[in-house]
Amino acid sequence: IGDEPVPESNLQIGNQTLITNQKGEVYYRNIPTGKYLIDLSQINNIRGWVAKDGFKQPVDVNNNETVYIPFNESKYLSGRLNLIRDEYSKGSFNPANIRITAINSKGEVFYTLTNQKGEFFLNLPADTYIIQINTNVFSDSFRVLQESFNADLIDKDAENIVFEIRESKRQINIQKQVIPAKP
């Protein structure tokens with residue numbers, strides 16, 4: 001108890017992205033011997049846990065072996081996009097796959113993508129963070145009210161951030177033309 005496997009989690013070995021099975025296992029067959037970097041930064045489906053030795057861990061593969069990756073308790077960052085639409089708009093907005101970045105006091109960068117509902121989640125080590133949203137993906141019709149927030153995950157176990165996105169209102173310019181009266 002306390003060392004349960006992590007099912008359906010993304011991890012990257014070299015340039016290969018793999019997903020763990022229901023038992024939390026991943027099989028990488030016929031891998032040449034050598035040194036590899038396992039990137040665990042995309043595992044965000046377990047609340048309150050983070051890889052003990054960091055998100056990027058080196059592994060030296062010499063033969064057929066099993067590698068276990070221990071996790072420690074972590075802090076939890078969650079949030080969502082709050083879209084305020086123009087009531088007369090017929091434009092579309094997809095809240096999925098927008099990059100959210102967390103930068104800690106040491107300058108380390110952690111990121112995740114929003115899901116189909118515009119929600120995001122990150123397990124992070126205890127620290128203070130600047131949380132930013134990638135505004136480059138928004139068209140001129142949408143603007144983010146506040147592009148970054150501070151989050152204190154030293155004194156708090158969890159923090160929730162809401163990025164408000166407003167759609168531009170349609171405007172009609174009506175000008176009054178004054179026609180001089182004929183004498």
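The values are calculated or read from the model by the stated rules, or taken from the named source; none is laboratory data. For clarity, every value in this text was computed on a predicted model and none was experimentally measured. Using ideal geometry, Cβ is built from the backbone for each residue, glycine included, and neighbour counts are taken over all protein chains shown. Accessible surface is based on the protein model in full, side chains and every heavy atom, while ligands, DNA and RNA are left aside. Shrake-Rupley method; radii C 1.70, N 1.55, O 1.52, S 1.80 Å.
Do we have Asn123 as on the phi < 0 side of the Ramachandran plot, open to solvent by less than 70 Å² (accessible area, probe 1.4 Å) and outside any loop (DSSP other than H, G, I, E, B) here? Against the criterion (on the phi < 0 side of the Ramachandran plot, open to solvent by less than 70 Å² (accessible area, probe 1.4 Å) and outside any loop (DSSP other than H, G, I, E, B)), Asn123 qualifies. Across region 52-73, the qualifying residues are those that are within 21 Å of Val109 (Cα to Cα) and acidic (Asp, Glu), and the one among them that is most open to solvent (accessible area, probe 1.4 Å) is Glu73. Note on region 89-120: among residues that are in contact with an Asp or Glu (Cβ under 7 Å, 6 or more places away or on another chain) and modelled with pLDDT of 90 or more, the one that is surrounded by the fewest Cβ atoms within 10 Å (Cβ to Cβ) is Ser105. The residues of region 16-42 that are at pLDDT 80 or above, under 20 Å from the mean Cα position of the chain (by Cα) and open to solvent by 50 Å² or more (accessible area, probe 1.4 Å), listed by number, are Gln16, Thr17, Ile19.
Of the residues making up region 131-157, those that are among the small types (Gly, Ala, Ser) and either open to solvent by 90 Å² or more (accessible area, probe 1.4 Å) or part of a loop (DSSP other than H, G, I, E, B) (or both) number 2. For region 23-47, the tally of residues that are of a type in the set (Val, Ile, Thr) and either touching a Gly at 6+ places or on another chain (Cβ under 6 Å) or farther than 16 Å from Asn72 by Cα (or both) stands at 4.
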